[in-house]
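Worksheet for the structure shown next.
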Amino acid sequence: MEWHEVFKGVAEADVPATVLEEEAEERRGLFGRLRRNLGKARGAVADALRSAVYVGVDRRLYEQTEEMLIAADVGVDGTIRIVDELERRCTAKKIESRGPFQDELAEVVAEQLRPDDPERQRIDVSHAPSVILVVGVNGTGKTTTIGKIAWRLKEMGKTPLMVAGDTFRAAAVEQLSRWADRVGCEIVRQAPDADPAAVVYDGVAAARSRGADVVLVDTAGRLHTQVNLMRELEKVRRVIEKQLPGAPHETLLVLDATTGQNGLRQAEEFKQAVDVTGVVLTKLDGTAKGGIVVAIHESLGIPIKLIGVGEQIEDLRPFEADVFARAIFGGEDDAARVDAG
């Protein structure tokens, strides 16, 4: 998926030709880079299957695959569905060797991850202005995610505006300000300890008066168990909606992949508080438990829109079920086919 396809409201005809060329170049070799960036998760899968006592595709191999998927944080329910479907397909296709078995596993995982409605996986920036509220606990990478999204939008010909709604930490405001300078966009900020809802109100007003296309709202990191802070987040959302009916048009929850199953609990609470429309899963390059992607998709019904697989500005990527599943679970033959395609 190209970046201009990620954003609903960005027409390919409006994207500079040089950016489209850069996208095409970036797309080439993407699979190989993703495999390297997801090396910890891929290595854990490969080691688990390699250590299996292999005498063919038999009951023991399915049991070891179950153990591997659960260890990868896929979750029990998701694991059962995947292994049941894997066994059905391998039996029907008479698969008897490990390479095709692993490739079939990747295909089953990919099917589990494909959205019922692909449109839900896009990020809606079709309004004037569009408001994207970014939420999550401390340390997940919210501010960096905002900066990288703003950079992409700017490349697509949009005018982003950042709002420093995390008024509790001066460092957060400074970090967002540095991203605004790097991207070349405006930022609305106030003094430390200002009312976050007031800052967001000013930010939306500024976007409307200055003709900004997309408002990216940073918020203070909070634990999902902090009831008072979750209520404050609800207040921020109400202020946005009152000022601009229908907004926020996207509420992106940023989760740290290294937190594993705890990320699911966080997502459930945020979903209840602010109607999360999509997940950005960061730090996937730092975990051996890439199966958390499956668990989030299975348990919450919230589309994973973006994944973070490194520190570079290009390492925030659109989530693509097929590419992701093959990068972690596919065999070497499967990798060659993807690269060739």
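Counting only residues that are acidic (Asp, Glu), within 13 Å of Asp218 (Cα to Cα) and without any contact (Cβ under 8 Å) to a residue 40 or more places away in the chain, how many does the range 151-194 have?
Of the residues in the range 151-194, 1 are acidic (Asp, Glu), within 13 Å of Asp218 (Cα to Cα) and without any contact (Cβ under 8 Å) to a residue 40 or more places away in the chain.
Among the residues of the range 113-139, count how many are within 20 Å of Gly263 (Cα to Cα) and more than 16 Å from the chain's Cα centre (by Cα).
Within the range 113-139, residues that are within 20 Å of Gly263 (Cα to Cα) and more than 16 Å from the chain's Cα centre (by Cα) number 1.
Conditions (1) under 30 Å from Pro100 (Cβ atoms); (2) surrounded by 12 or more Cβ atoms within 10 Å (Cβ to Cβ); (3) among the aromatic types (Phe, Trp, Tyr), marked per residue:
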position: Glu2; (1), (2), (3): no, yes, no
position: Val15; (1), (2), (3): no, yes, no
position: Thr18; (1), (2), (3): no, no, no
position: Glu25; (1), (2), (3): no, no, no
position: Phe31; (1), (2), (3): yes, yes, yes
position: Arg36; (1), (2), (3): yes, yes, no
position: Ala44; (1), (2), (3): yes, yes, no
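On the given criteria, is Thr18 part of a helix (DSSP H, G or I), of a type in the set (Ser, Thr, Tyr) and over 28 Å from Ser299 (Cβ atoms)?
yes
Being of a type in the set (Lys, Arg) and surrounded by 17 or more Cβ atoms within 10 Å (Cβ to Cβ) is the filter here; which residues of the range 96-144 pass it?
Scanning the range 96-144 gives Arg122, Lys142.
Could you list, ordered by first residue, the pairs with Cβ atoms under 7 Å in which the first is in the range 57-81 and in a helix (DSSP H, G or I) and the second is among the charged types (D, E, K, R) and at pLDDT 90 or above, at least 6 apart or interchain?
Close Cβ pairs satisfying both conditions: Tyr62/Glu87; Thr79/Glu66.
Among the candidates Arg178, Arg231, single out the residue that is in a helix (DSSP H, G or I), basic (Lys, Arg) and modelled with pLDDT of 95 or more.
Details: Arg231 fails: modelled with pLDDT of 95 or more.
When all the criteria are applied, what remains is Arg178.
For the range 46-74, name all the residues that are surrounded by fewer than 21 Cβ atoms within 10 Å (Cβ to Cβ) and under 21 Å from Phe324 (Cα atoms).
Ala46, Asp47, Ala48, Leu49, Arg50, Glu66, Glu67, Ile70, Ala71 - these are the residues of the range 46-74 that are surrounded by fewer than 21 Cβ atoms within 10 Å (Cβ to Cβ) and under 21 Å from Phe324 (Cα atoms).
Confirm whether Gly147 is in contact with a helix residue (DSSP H, G or I) (Cβ under 9 Å, 6 or more places away or on another chain), modelled with pLDDT under 95 and of a type in the set (Gly, Ala, Ser).
Details: in contact with a helix residue (DSSP H, G or I) (Cβ under 9 Å, 6 or more places away or on another chain): yes; modelled with pLDDT under 95: no; of a type in the set (Gly, Ala, Ser): yes.
Answer is no for this residue.
With respect to Thr277, is the statement that it is in the same structural domain as Ala212 (by TED's automatic domain parsing), farther than 27 Å from Ile70 by Cβ and of a type in the set (Val, Ile, Thr) true?
Against the criterion (in the same structural domain as Ala212 (by TED's automatic domain parsing), farther than 27 Å from Ile70 by Cβ and of a type in the set (Val, Ile, Thr)), Thr277 qualifies.
Is it the case, given these coordinates, that Glu250 is surrounded by 15 or more Cβ atoms within 10 Å (Cβ to Cβ) and among the charged types (D, E, K, R)?
So Glu250 passes the test.
So which pairs qualify, if the first residue must be in the range 106-118 and touching a residue at least 40 places away in the same chain (Cβ under 8 Å), the second must be in a loop (DSSP other than H, G, I, E, B) and of a type outside the set (A, V, I, L, M, F, W, C), the Cβ gap must be under 6 Å, and the two must be at least 6 apart or on different chains?
Ala106/Gly330; Pro115/Pro303
The values are calculated or read from the model by the stated rules, or taken from the named source; none is laboratory data. All values derive from a computational prediction rather than experimental measurement. Don't worry about glycine lacking a Cβ; one is built from the backbone with ideal geometry, like all the others, and counts go over all protein chains shown.
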